[in-house]
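Have a look at the structure below before the remarks.
The values are calculated or read from the model by the stated rules, or taken from the named source; none is laboratory data. Just so it is clear, the model here is predicted, and its values are computed rather than measured. Backbone-built Cβ (ideal geometry, glycine too); neighbour counts: all protein chains shown.
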């Protein structure tokens, strides 16, 4: 008799990871690079995407966005004006809604995402510095935005989030003259928890750093294509 | 034979509510008014408490703070310098930590909180606009802070949080001249989801509105005492 050993599932996140791999397979099949973009509420994820689209990223790449929100479609509406395919995913089914996207929520939205027509899919996660970092969704890269208005201590207070990201966009630098914010202290804290993170200083509003942010997006697609 | 009917628990939050009531009983026994203070990361909860303590609230009331954080004790250390009893509660036991306080976490910290010596306990929740609103911890009042840097749309994107609070402190108003922020649009959005919320315009950094914030804290204790 043939016998197979099955290991007991050790991790409550295993089911999520299984579905994340299925998403990953779908993305690979269609040649889509996926960025999971995370931040606290109001750090500027949507504004950074708007700035990148205004700067012409969507002319160089076929970009789509999957918008995660507890409720509403405010960000999706902002981006749809820029003629980018946007799919809204709301997590508000429960009492107060889910505070993050998980692989299964993303999977449920995939039939609505035109993967065959995309080079890059940006998944804009729910604004939250804790749980989104815990759930893979099948992305190539995790990236985050941290606004200078949030204070220098955030990497130490939310280390998993900062540690999980390849890129940390330090946004709203146009406000630096008006804040008691020690950028070097923030960067030292970030380097303590994630010395390998790429850092970009950006003002989505003022335009500083937007070109580098666009280059990072196009470069991410090129690196993923080269690795495939 | 005596038979008792027991209703099946209908709500996954019922266990939390049971423990919240036990916390409430302990607070009532000691005559402590409890404020559950919530916000997104970096909105200024700790700075507002610092401002209130510097303005002398702790001379009028015996105030203590229970600090909820995923990791670290940065905020607790800031407040302890102001000679206020502070108890640190870290939620980082799991993989990435819990994104909110629940009643049982607060209960586990109560032996360390000097309730008999307090009139007011401020529970500073984990920085997050979703889940903290879902879990009662035994508080008298829920209050929140929203910074003007977070954008006007937040009440519509996180309605449960804004709806659950009696007070919304609109913080960092010193930055208004440097932002594309429409305060009236924010207030209209807030009124759509919670027309009864008290609003305070404050700059913890510049001092505007701090006196009113202090009066709200002392008034909350007076109202709770009058209702008891």
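Scanning the range B:133-158 for residues that are more than 13 Å from the chain's Cα centre (by Cα), surrounded by fewer than 22 Cβ atoms within 10 Å (Cβ to Cβ) and within 9 Å of chain A (Cβ to nearest Cβ) gives B:153, B:156.
Every condition in (1) assigned to a helix (DSSP H, G or I); (2) at pLDDT below 95 holds for residue B:12 except the one numbered (1). Of the residues making up the range B:40-50, those that are surrounded by fewer than 23 Cβ atoms within 10 Å (Cβ to Cβ) and in contact with a helix residue (DSSP H, G or I) (Cβ under 7 Å, 6 or more places away or on another chain) number 1. Applying the selection to the range A:62-91, what residues are in a loop (DSSP other than H, G, I, E, B), facing another protein chain (nearest Cβ under 9 Å) and crowded, with 18+ Cβ neighbours inside 10 Å? Scanning the range A:62-91 gives A:70, A:91.
Evaluate the range A:160-175: report whether one residue or more is outside any helix (DSSP H, G or I), away from chain B (no Cβ under 12 Å) and over 26 Å from residue A:100 (Cβ atoms). Within the range A:160-175, not a single residue is outside any helix (DSSP H, G or I), away from chain B (no Cβ under 12 Å) and over 26 Å from residue A:100 (Cβ atoms). Among the conditions (1) touching a residue at least 60 places away in the same chain (Cβ under 8 Å); (2) closer than 30 Å to residue A:205 by Cβ, residue B:220 misses just one, which is (2). In the set (1) at pLDDT below 95; (2) under 29 Å from residue A:128 (Cβ atoms); (3) surrounded by fewer than 21 Cβ atoms within 10 Å (Cβ to Cβ), residue B:1 fails one condition alone, (2). Summed over the range A:92-141, the residues that are farther than 15 Å from residue A:41 by Cβ and part of a loop (DSSP other than H, G, I, E, B) give a count of 14. Has the range B:31-39 got at least one residue that is crowded, with 22+ Cβ neighbours inside 10 Å, modelled with pLDDT under 95, touching a helix residue (DSSP H, G or I) at 6+ places or on another chain (Cβ under 6 Å) and within 18 Å of residue A:150 (Cβ to Cβ)? Among the residues of the range B:31-39, not one is crowded, with 22+ Cβ neighbours inside 10 Å, modelled with pLDDT under 95, touching a helix residue (DSSP H, G or I) at 6+ places or on another chain (Cβ under 6 Å) and within 18 Å of residue A:150 (Cβ to Cβ), which makes the answer no.
Of all residues in the range B:18-61, those satisfying the criterion of being in a strand (DSSP E or B) and within 14 Å of another protein chain (Cβ to nearest Cβ) are B:38, B:39. Condition (residue is in a strand (DSSP E or B), touching a residue at least 24 places away in the same chain (Cβ under 8 Å), more than 10 Å from every other protein chain (Cβ to nearest Cβ) and within 30 Å of residue B:18 (Cα to Cα)) applied to the range B:181-202: is it met by at least one residue? Scanning the range B:181-202, I find at least one residue that is in a strand (DSSP E or B), touching a residue at least 24 places away in the same chain (Cβ under 8 Å), more than 10 Å from every other protein chain (Cβ to nearest Cβ) and within 30 Å of residue B:18 (Cα to Cα), so the answer is yes. Each residue in the range B:93-104 was checked for being at negative phi, within 14 Å of chain A (Cβ to nearest Cβ) and crowded, with 17+ Cβ neighbours inside 10 Å, and 6 pass.
Residue count for the range A:203-215 under the criterion of being part of a helix (DSSP H, G or I) and without any contact (Cβ under 8 Å) to a residue 60 or more places away in the chain: the result is 2. Confirm whether residue B:74 is touching a helix residue (DSSP H, G or I) at 6+ places or on another chain (Cβ under 7 Å) and farther than 27 Å from residue B:222 by Cα. Yes. Looking at the range B:114-127, is at least one residue touching a strand residue (DSSP E or B) at 6+ places or on another chain (Cβ under 9 Å), touching a residue at least 12 places away in the same chain (Cβ under 8 Å), surrounded by fewer than 16 Cβ atoms within 10 Å (Cβ to Cβ) and more than 8 Å from every other protein chain (Cβ to nearest Cβ)? Looking for residues that are touching a strand residue (DSSP E or B) at 6+ places or on another chain (Cβ under 9 Å), touching a residue at least 12 places away in the same chain (Cβ under 8 Å), surrounded by fewer than 16 Cβ atoms within 10 Å (Cβ to Cβ) and more than 8 Å from every other protein chain (Cβ to nearest Cβ), one finds at least one in the range B:114-127, hence yes.
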